[in-house]
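The values are calculated or read from the model by the stated rules, or taken from the named source; none is laboratory data. Keep in mind that what you see is a predicted model, and the values were worked out from it rather than measured. Note that each Cβ is placed from the backbone with ideal geometry, even for glycine, and that neighbours are counted across all protein chains shown. Areas reflect the complete protein model, heavy atoms only, side chains present, ligands, DNA and RNA absent. Shrake-Rupley method; radii C 1.70, N 1.55, O 1.52, S 1.80 Å.
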Amino acid sequence: MISCCGLHKTYGTNGASGPSILADVSLSLSRGEFACILGPSGCGKTTLLNLIAGFTHPTSGSLRFRDQEITGPGPERGVVFQEATLFPWLTVQKNVAFGLHQMGQPGKTCAEEALHHLALVGMADHARAYPHTLSGGMKQRVAIARVLALKPDVLLMDEPFSALDANTRERLQDELLKLWGRFGQTVVYVTHSVEEAAFLADRVIVMGPSPCNIRADKPISLPRPRTRYSPEMEAVVRDLRRELNALPCCIGPTRVDA
Ligand SMILES: Nc1ncnc2c1ncn2[C@@H]1O[C@H](COP(=O)(O)OP(=O)(O)O)[C@@H](O)[C@H]1O
Ligand SMILES: [Mg+2]
(Lines give C-alpha, C1' and ligand atoms only; values in the text may rest on other atoms or scores of the structure.)
(Ligands and ions follow the chains in the order given, each with its own letter.)
Protein backbone atom coordinates (compact mmCIF):
# COMPACT_ATOMS: atom_id res chain seq x y z
CA MET A 1 0.00 0.00 0.00
CA ILE A 2 2.79 2.40 1.00
CA SER A 3 6.43 2.02 0.20
CA CYS A 4 9.29 4.30 1.21
CA CYS A 5 12.70 3.55 -0.18
CA GLY A 6 15.93 5.26 0.88
CA LEU A 7 14.15 8.39 2.12
CA HIS A 8 16.28 11.35 3.12
CA LYS A 9 14.91 14.63 4.38
CA THR A 10 16.66 17.87 5.21
CA TYR A 11 14.97 21.20 5.90
CA GLY A 12 17.04 23.82 4.11
CA THR A 13 16.51 27.56 3.82
CA ASN A 14 17.24 29.64 0.73
CA GLY A 15 18.49 26.65 -1.18
CA ALA A 16 21.05 25.70 1.48
CA SER A 17 20.68 22.19 2.85
CA GLY A 18 20.07 22.01 6.61
CA PRO A 19 20.77 19.17 9.03
CA SER A 20 19.62 15.71 8.07
CA ILE A 21 16.20 14.97 9.61
CA LEU A 22 15.54 11.56 8.09
CA ALA A 23 18.41 9.41 6.91
CA ASP A 24 17.83 6.42 4.66
CA VAL A 25 14.37 5.34 5.79
CA SER A 26 12.92 2.34 3.95
CA LEU A 27 9.58 0.86 4.85
CA SER A 28 6.73 -1.09 3.24
CA LEU A 29 3.23 -1.16 4.65
CA SER A 30 0.65 -3.71 3.54
CA ARG A 31 -3.03 -3.13 3.02
CA GLY A 32 -5.02 -3.29 6.26
CA GLU A 33 -1.96 -3.30 8.48
CA PHE A 34 -1.98 -1.35 11.77
CA ALA A 35 1.55 -0.02 12.14
CA CYS A 36 2.74 2.10 15.04
CA ILE A 37 5.76 4.32 14.66
CA LEU A 38 7.36 4.52 18.08
CA GLY A 39 10.27 6.71 19.10
CA PRO A 40 11.42 9.52 21.37
CA SER A 41 10.58 13.17 20.69
CA GLY A 42 12.49 14.69 17.82
CA CYS A 43 13.46 11.46 16.05
CA GLY A 44 11.51 12.29 12.88
CA LYS A 45 8.17 10.49 13.38
CA THR A 46 6.04 13.48 12.36
CA THR A 47 8.37 14.21 9.46
CA LEU A 48 7.90 10.67 8.15
CA LEU A 49 4.11 10.91 8.56
CA ASN A 50 4.03 14.30 6.82
CA LEU A 51 5.98 12.82 3.92
CA ILE A 52 3.47 9.99 3.55
CA ALA A 53 0.63 12.53 3.84
CA GLY A 54 2.26 14.52 1.02
CA PHE A 55 2.51 17.71 3.13
CA THR A 56 6.24 17.79 2.52
CA HIS A 57 8.57 16.14 0.01
CA PRO A 58 11.63 13.96 0.45
CA THR A 59 15.01 15.47 -0.34
CA SER A 60 15.85 12.16 -1.99
CA GLY A 61 14.47 8.64 -2.16
CA SER A 62 11.15 7.33 -3.33
CA LEU A 63 7.77 7.37 -1.66
CA ARG A 64 4.86 5.52 -3.23
CA PHE A 65 1.21 4.91 -2.53
CA ARG A 66 -0.14 1.97 -4.55
CA ASP A 67 2.82 2.20 -6.92
CA GLN A 68 2.21 5.89 -7.64
CA GLU A 69 4.74 8.46 -6.49
CA ILE A 70 3.25 10.63 -3.71
CA THR A 71 3.32 14.22 -4.93
CA GLY A 72 0.91 15.87 -2.47
CA PRO A 73 -1.99 15.28 -0.08
CA GLY A 74 -4.96 13.20 -1.25
CA PRO A 75 -8.31 12.04 0.17
CA GLU A 76 -7.14 8.41 0.08
CA ARG A 77 -4.66 9.32 2.88
CA GLY A 78 -6.57 10.88 5.81
CA VAL A 79 -4.64 12.61 8.60
CA VAL A 80 -5.58 12.99 12.26
CA PHE A 81 -3.34 15.38 14.20
CA GLN A 82 -2.55 15.58 17.91
CA GLU A 83 -4.91 18.53 18.30
CA ALA A 84 -8.18 18.40 16.36
CA THR A 85 -8.04 21.18 13.78
CA LEU A 86 -11.76 21.91 13.45
CA PHE A 87 -13.15 25.09 11.91
CA PRO A 88 -14.46 27.05 14.92
CA TRP A 89 -17.12 28.88 12.89
CA LEU A 90 -18.76 25.68 11.60
CA THR A 91 -20.97 23.24 13.49
CA VAL A 92 -19.69 19.73 14.10
CA GLN A 93 -21.79 18.37 11.21
CA LYS A 94 -20.58 21.08 8.84
CA ASN A 95 -16.98 20.42 9.85
CA VAL A 96 -17.42 16.79 8.80
CA ALA A 97 -19.35 17.72 5.65
CA PHE A 98 -16.72 20.28 4.59
CA GLY A 99 -14.34 17.84 2.89
CA LEU A 100 -17.23 16.11 1.12
CA HIS A 101 -18.38 19.48 -0.30
CA GLN A 102 -14.82 20.11 -1.45
CA MET A 103 -14.94 16.82 -3.33
CA GLY A 104 -18.01 18.02 -5.18
CA GLN A 105 -20.71 15.95 -3.48
CA PRO A 106 -24.21 17.49 -3.37
CA GLY A 107 -25.21 19.28 -0.16
CA LYS A 108 -27.87 16.83 1.01
CA THR A 109 -25.56 13.83 0.59
CA CYS A 110 -22.77 15.66 2.44
CA ALA A 111 -25.05 16.39 5.40
CA GLU A 112 -26.29 12.79 5.54
CA GLU A 113 -22.83 11.30 5.18
CA ALA A 114 -21.52 13.64 7.87
CA LEU A 115 -24.25 12.56 10.28
CA HIS A 116 -23.63 8.89 9.52
CA HIS A 117 -19.92 9.25 10.29
CA LEU A 118 -20.63 11.24 13.44
CA ALA A 119 -22.83 8.35 14.59
CA LEU A 120 -19.89 5.97 14.02
CA VAL A 121 -17.82 7.89 16.57
CA GLY A 122 -20.73 8.45 18.99
CA MET A 123 -21.11 12.16 18.20
CA ALA A 124 -24.42 12.30 16.28
CA ASP A 125 -26.15 14.01 19.22
CA HIS A 126 -23.67 16.87 18.97
CA ALA A 127 -24.06 17.50 15.24
CA ARG A 128 -25.30 21.07 15.77
CA ALA A 129 -22.76 21.98 18.43
CA TYR A 130 -19.80 24.28 17.77
CA PRO A 131 -16.26 23.03 18.45
CA HIS A 132 -15.61 25.37 21.41
CA THR A 133 -18.39 23.63 23.37
CA LEU A 134 -16.71 20.20 23.10
CA SER A 135 -14.11 18.48 25.27
CA GLY A 136 -10.75 17.45 23.78
CA GLY A 137 -11.90 13.85 23.39
CA MET A 138 -15.12 14.91 21.63
CA LYS A 139 -13.19 17.16 19.24
CA GLN A 140 -10.87 14.29 18.41
CA ARG A 141 -13.89 12.06 17.70
CA VAL A 142 -15.17 14.69 15.27
CA ALA A 143 -11.74 14.90 13.65
CA ILE A 144 -11.81 11.12 13.15
CA ALA A 145 -15.35 11.28 11.71
CA ARG A 146 -14.22 14.01 9.32
CA VAL A 147 -11.38 11.86 8.03
CA LEU A 148 -13.47 8.66 7.87
CA ALA A 149 -16.17 10.45 5.85
CA LEU A 150 -13.68 10.76 2.99
CA LYS A 151 -13.29 6.95 3.06
CA PRO A 152 -9.51 6.92 3.05
CA ASP A 153 -7.54 3.74 2.39
CA VAL A 154 -4.88 4.95 4.80
CA LEU A 155 -5.28 6.64 8.17
CA LEU A 156 -2.25 8.65 9.24
CA MET A 157 -2.46 9.51 12.92
CA ASP A 158 0.10 11.67 14.71
CA GLU A 159 -0.14 11.09 18.48
CA PRO A 160 -3.91 11.63 18.15
CA PHE A 161 -4.83 10.83 21.75
CA SER A 162 -1.74 11.98 23.60
CA ALA A 163 -3.32 15.25 24.80
CA LEU A 164 -6.31 13.42 26.34
CA ASP A 165 -6.76 12.10 29.87
CA ALA A 166 -5.95 8.41 30.36
CA ASN A 167 -9.56 7.23 30.48
CA THR A 168 -10.64 9.05 27.35
CA ARG A 169 -7.48 7.89 25.60
CA GLU A 170 -8.25 4.24 26.35
CA ARG A 171 -11.86 4.60 25.19
CA LEU A 172 -10.79 6.22 21.95
CA GLN A 173 -8.14 3.55 21.38
CA ASP A 174 -10.87 0.88 21.80
CA GLU A 175 -13.15 2.70 19.38
CA LEU A 176 -10.40 3.21 16.85
CA LEU A 177 -9.70 -0.53 16.91
CA LYS A 178 -13.43 -1.24 16.36
CA LEU A 179 -13.54 1.13 13.37
CA TRP A 180 -10.37 -0.40 11.97
CA GLY A 181 -11.84 -3.90 12.46
CA ARG A 182 -14.91 -2.79 10.53
CA PHE A 183 -13.33 -0.82 7.66
CA GLY A 184 -9.86 -2.35 7.50
CA GLN A 185 -7.88 0.76 6.58
CA THR A 186 -4.11 0.71 6.64
CA VAL A 187 -3.21 2.69 9.77
CA VAL A 188 0.08 4.47 10.45
CA TYR A 189 -0.09 5.62 14.06
CA VAL A 190 2.68 7.70 15.58
CA THR A 191 3.20 7.46 19.31
CA HIS A 192 5.90 7.82 21.92
CA SER A 193 3.98 5.50 24.27
CA VAL A 194 5.21 1.93 24.46
CA GLU A 195 1.94 0.77 26.04
CA GLU A 196 -0.13 2.38 23.30
CA ALA A 197 1.98 0.79 20.55
CA ALA A 198 1.80 -2.65 22.19
CA PHE A 199 -1.98 -2.41 22.58
CA LEU A 200 -2.78 -1.14 19.09
CA ALA A 201 -0.27 -2.40 16.59
CA ASP A 202 0.20 -5.38 14.33
CA ARG A 203 3.69 -4.08 13.88
CA VAL A 204 5.84 -1.54 15.73
CA ILE A 205 8.45 0.40 13.84
CA VAL A 206 10.94 1.86 16.28
CA MET A 207 12.67 5.06 15.18
CA GLY A 208 15.74 6.57 16.78
CA PRO A 209 17.65 9.85 16.51
CA SER A 210 21.10 10.83 15.23
CA PRO A 211 20.66 9.79 12.50
CA CYS A 212 16.85 9.68 12.45
CA ASN A 213 15.89 6.33 11.01
CA ILE A 214 14.33 2.96 11.71
CA ARG A 215 16.06 0.89 14.39
CA ALA A 216 13.69 -2.04 14.77
CA ASP A 217 10.60 -3.43 13.11
CA LYS A 218 8.67 -5.76 15.39
CA PRO A 219 5.54 -7.77 14.68
CA ILE A 220 3.11 -7.87 17.63
CA SER A 221 1.34 -11.18 17.47
CA LEU A 222 -0.87 -10.84 20.55
CA PRO A 223 -4.38 -12.03 19.68
CA ARG A 224 -7.23 -9.48 19.41
CA PRO A 225 -9.20 -8.21 21.18
CA ARG A 226 -6.31 -7.47 23.52
CA THR A 227 -6.37 -6.80 27.22
CA ARG A 228 -4.19 -3.95 28.43
CA TYR A 229 -2.96 -5.70 31.53
CA SER A 230 -1.80 -9.27 30.98
CA PRO A 231 1.57 -11.00 31.39
CA GLU A 232 1.80 -11.35 27.58
CA MET A 233 1.17 -7.63 27.09
CA GLU A 234 3.72 -6.80 29.78
CA ALA A 235 6.31 -8.92 28.00
CA VAL A 236 5.72 -7.00 24.73
CA VAL A 237 5.91 -3.67 26.58
CA ARG A 238 9.18 -4.71 28.24
CA ASP A 239 10.66 -5.74 24.91
CA LEU A 240 9.69 -2.44 23.23
CA ARG A 241 10.95 -0.45 26.21
CA ARG A 242 14.28 -2.25 25.93
CA GLU A 243 14.49 -1.12 22.27
CA LEU A 244 13.75 2.49 23.28
CA ASN A 245 16.22 2.44 26.15
CA ALA A 246 18.96 1.39 23.77
CA LEU A 247 18.50 4.66 21.84
CA PRO A 248 20.25 7.93 22.55
CA CYS A 249 17.68 10.48 23.77
CA CYS A 250 17.02 13.49 21.51
CA ILE A 251 16.13 16.00 24.19
CA GLY A 252 18.26 15.25 27.21
CA PRO A 253 19.94 12.51 29.22
CA THR A 254 16.74 11.16 30.87
CA ARG A 255 15.97 7.53 30.08
CA VAL A 256 12.76 5.66 30.64
CA ASP A 257 13.44 2.81 33.04
CA ALA A 258 11.98 -0.61 32.43
N1 LIG B 1 9.84 22.47 9.32
C2 LIG B 1 10.97 22.16 9.95
N3 LIG B 1 12.10 22.88 9.74
C4 LIG B 1 13.26 22.55 10.36
N5 LIG B 1 13.41 21.51 11.19
C6 LIG B 1 12.33 20.76 11.44
C7 LIG B 1 11.06 21.02 10.84
N8 LIG B 1 10.17 20.08 11.27
C9 LIG B 1 10.86 19.28 12.10
N10 LIG B 1 12.15 19.68 12.21
C11 LIG B 1 13.19 19.02 13.02
O12 LIG B 1 13.22 17.67 12.62
C13 LIG B 1 13.48 16.83 13.74
C14 LIG B 1 12.40 15.78 13.78
O15 LIG B 1 11.17 16.42 14.08
P16 LIG B 1 9.79 15.63 14.12
O17 LIG B 1 9.60 14.90 12.85
O18 LIG B 1 8.75 16.62 14.51
O19 LIG B 1 10.07 14.60 15.30
P20 LIG B 1 9.06 13.78 16.23
O21 LIG B 1 7.71 13.83 15.61
O22 LIG B 1 9.65 12.41 16.30
O23 LIG B 1 9.09 14.44 17.58
C24 LIG B 1 13.53 17.72 14.96
O25 LIG B 1 14.89 17.95 15.24
C26 LIG B 1 12.86 18.98 14.50
O27 LIG B 1 13.38 20.10 15.17
MG1 LIG C 1 5.88 14.54 16.35
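Overview of values
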item: Accessible-area order (highest first, 1.4 angstrom probe) of the listed residues Y11, Y229; result: Y229, Y11
item: Residue-level accessible surface for H116, protein heavy atoms, 1.4 Å, Å²; result: 90 Å²
item: Accessible area of F87 in the full protein assembly, 1.4 Å probe (Å², nearest 10); result: 60 Å²
item: Segment 176-223, relative contact order in percent, only Cα pairs under 8 angstrom and at least six apart counted; result: 26 percent
item: In range of the label at F183: residues from segment 105-148 whose backbone nitrogen is under 13 Å from the point 7 Å along Cα→Cβ; result: 113-122, 141-148
item: For segment 1-137, convex hull of alpha carbons as volume per residue, Å³; result: 163 Å³
item: Farthest positive-ward along the chain dipole, Cα basis, beta-carbon charges - from S20, A235, L164; result: L164
item: Largest-first ordering by accessible area, 1.4 Å probe, given options R169, R182, R241; result: R182, R169, R241
item: Accessible area (Å², 1.4 Å probe, nearest 10) - D67; result: 120 Å²
item: The chain, relative contact order in percent, only Cα pairs under 8 angstrom and at least six apart counted; result: 25 percent
item: Gyration tensor (alpha-carbon) shape descriptor, the chain, a/c threshold 1.5; result: oblate
item: Inter-part distance where segment 129-171 and segment 77-113 are each reduced to a Cα centre, Å; result: 13 Å
item: Solvent exposure, largest accessible area first (probe 1.4 Å, DNA, RNA and ligands not counted), of M123, M1; result: M1, M123
item: The chain - percent of accessible surface contributed by carbon and sulfur, probe 1.4 Å; result: 53 percent
item: Nonlocal Lys pairs with alpha-carbon distance under 22 Å, the chain (8 or more apart, or different chains); result: 9
item: Principal axes of segment 20-87: Cα extent on each, largest first, Å; result: 35, 28, 24
item: P(r) histogram, all alpha-carbon pairs of segment 102-237 included - 10 Å bins from 0, percent; result: 10, 37, 33, 15, 5, 0
item: Dipole in debye (nearest 20) - segment 83-151, about Cα centre, beta carbon charges: Lys, Arg +1; Asp, Glu -1; result: 40 debye
item: Solvent-accessible area per residue for the chain (1.4 angstrom probe, square angstrom); result: 49 Å²
item: Estimated 222 nm signal from helices in the chain, with DSSP H stretches of n ≥ 4 weighted -39500 (n - 2.57), rounded to 500; result: -10500 deg cm²/dmol
item: Percentage relative contact order, segment 123-258, counting C-alpha pairs under 8 Å, at least six apart; result: 17 percent
item: Distance between modelled label sites at E83 and R224, nm, 7 Å Cα→Cβ extension; result: 3.1 nm
item: Magnitude of the charge dipole, the chain, Cβ model with Lys/Arg +1 and Asp/Glu -1, debye to 20; result: 240 debye
